[in-house]
Amino acid sequence: MAEKHQHEHCECGHEHHEHHAQPMSHIEEALKKYNLDISDEQVKEAVKKIIAEKVPENDTVEVKKFLMGSVELTTLKTTDSDTSVMAFTEKVNKFDEEYPTLPHVATICVYPRFARTVAETLEVDGVEIACVSGSFPSSQSLIEVKTVETALAIKDGATEIDMVEPVGSLLEGDYETVVDEIQQQKEACGDVPMKVILETGCLKTAKNIKIASLLAMYAGADYIKTSTGKLEPAATPEAAYVMCQAIKEYYDETGIMIGFKPAGGLNSVMDALIYYTIVKEILGEKWLTNKYLRLGTSRLANLLLSEVIGEEVKFF
């Protein structure tokens, strides 16, 4: 997915990985192709219906096993150190030895300064190393600083980058800056997949969330992600519903599959099942792989493991 970007499908004649932003008219033109006439009330009702009618059938051991393999095991603490991150990574190594029949986590997610520590400690094939980058969680540094941070994280071993969409610019309606900044960070990523965090709790309305999703994908996101987990509210089923609708419409328009990552506030197995069900109902089976559906959390790994095994386990 990382190799395919908007410039392959755009009719405007520009290559979208250049440093300059696209003229405003092109962004507006792109947005016109999508349904922005959505109300918060409609979304609430649709989510309520999915939770009542569809979640129970997915409450199975098989789905919980799958979800374990979609977890992005995350540590983003002020107190993180090389020692604590090494121990955190060792747990993933040990899990693979102790539970060889269960899927390992999809990703270890850390600050950029620990990319090398994880890369040197991780022994399990198939676990990605994600770094939050670009002045996480506020995204308020200069774009030059953001791109350098991203490039350095990748140089040190990051195999995925999670960046925050410039929320202030988006709320002001400055879509040109939003698109330009995401494009520049994607250029710094090269072939490394990039997740764009929308910080949906700050966006307030379903329409804003839809616009933020579409701009991120238009600018080169490989995944869209709900939240940093540093602000409340974080992920909500309503935000997930709108984002998945945007992913579906974008796929129908371009043929590009974009991944989805709810993060922040995933406190229970039921939360995970709700997000799984929303993805299944809106995007379908094709998205139910640990490539296209990720769960950003640390506490959920133990809860899922406990339910799969049938007794309380505090492994991670």
- [ ] Give the Rg (one decimal place) followed by the Dmax (whole number) of region 226-316, computed from C-alpha coordinates and expressed in Å.
- [x] 14.0, 46
Task: Sites residue 155 and residue 91 - FRET efficiency at Förster radius 30 Å, r taken between beta-carbons, to 0.05 - done: 0.70
- [ ] Determine the share of region 196-275's accessible area contributed by carbon and sulfur atoms, expressed in whole percent, with a 1.4 angstrom probe.
- [x] 51 percent
TODO: Would you mind computing Rg(Cα) / (2.2 N^0.38 Å) for region 251-294, counting N as its residues?
DONE: 1.21
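Only Cα pairs under 8 Å and at least 6 apart count here; give the relative contact order of the chain as a rounded whole percent.
On the way: 578 pairs, mean separation 68.3, N = 316.
The normalised contact order for the chain reaches 22 percent.
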Task: For the chain, calculated [θ]222 nm from helices alone, where every DSSP H run of n ≥ 4 adds -39500 (n - 2.57) - done: -14500 deg cm²/dmol
Task: Straight-distance crosslink candidates among aspartates and glutamates, where the alpha carbon sits under 14 Å from residue 248 and sequence neighbours closer than 8 are dropped - done: 222, 281, 285
- [ ] Using the structure shown, select from 44/146; 146/286; 77/225; 48/210 the pairs with a Cα to Cα distance greater than 25 angstrom.
- [x] 44/146; 146/286
- [ ] Rounded to the nearest 0.05, what FRET efficiency do residue 313 and residue 171 give with R0 = 51 Å and r taken as the Cβ-Cβ distance? Could you check?
- [x] 0.75
Task: Packing-based ranking, highest mean first, of 141-152, 112-123, 79-90 given that Cβ atoms within 10 Å are counted - done: 112-123, 141-152, 79-90
Task: Added length on full extension, which subtracts the Cα-Cα distance from 0.36 nm per residue, residue 37 to residue 286 - done: 87.0 nm
TODO: Could you provide, to the nearest whole Å², the per residue accessible area of region 112-237 with probe 1.4 Å?
DONE: 35 Å²
- [ ] Using only protein heavy atoms and a 1.4 Å probe, report how much of residue 297 is accessible, in Å² to the nearest 10.
- [x] 10 Å²
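Under the rule a/c < 1.5 gives rounded, and otherwise a/b versus b/c splits prolate from oblate, where does the chain land using the Cα gyration tensor?
Since a/c reaches 1.5 but b/c is at least a/b, the shape of the chain is classed as oblate.
Pairs of alpha-carbon atoms within less than 8 angstrom and 6+ residues apart define the contacts here; what relative contact order does region 44-160 have, in percent?
Details: 139 pairs, mean separation 27.2, N = 117.
So the answer I get is 23 percent.
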Task: Virtual paramagnetic centre 7 Å along Cα→Cβ of residue 48, amide N under 18 Å, in region 233-259 - done: 236-242
Open item on the list: Through the Karplus equation 6.51 cos²θ - 1.76 cosθ + 1.60, θ set to phi - 60°, convert the phi angles of region 249-256 into ³J(HN,Hα) values in whole Hz; use x for Gly and Pro.
Closed with: 4, 5, 5, 4, 7, 10, x, 9
Task: Prolate/oblate/rounded call for region 16-106, Cα gyration tensor, a/c under 1.5 rounded - done: oblate
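The values are calculated or read from the model by the stated rules, or taken from the named source; none is laboratory data. Remember, it's a predicted structure, so these values are computed and weren't measured experimentally. Glycine also receives a Cβ, built like all others from the backbone with ideal geometry; neighbour counts cover every protein chain displayed. These area figures cover heavy atoms from the full protein model, side chains too; ligands, DNA and RNA do not enter into them. Shrake-Rupley method; radii C 1.70, N 1.55, O 1.52, S 1.80 Å.
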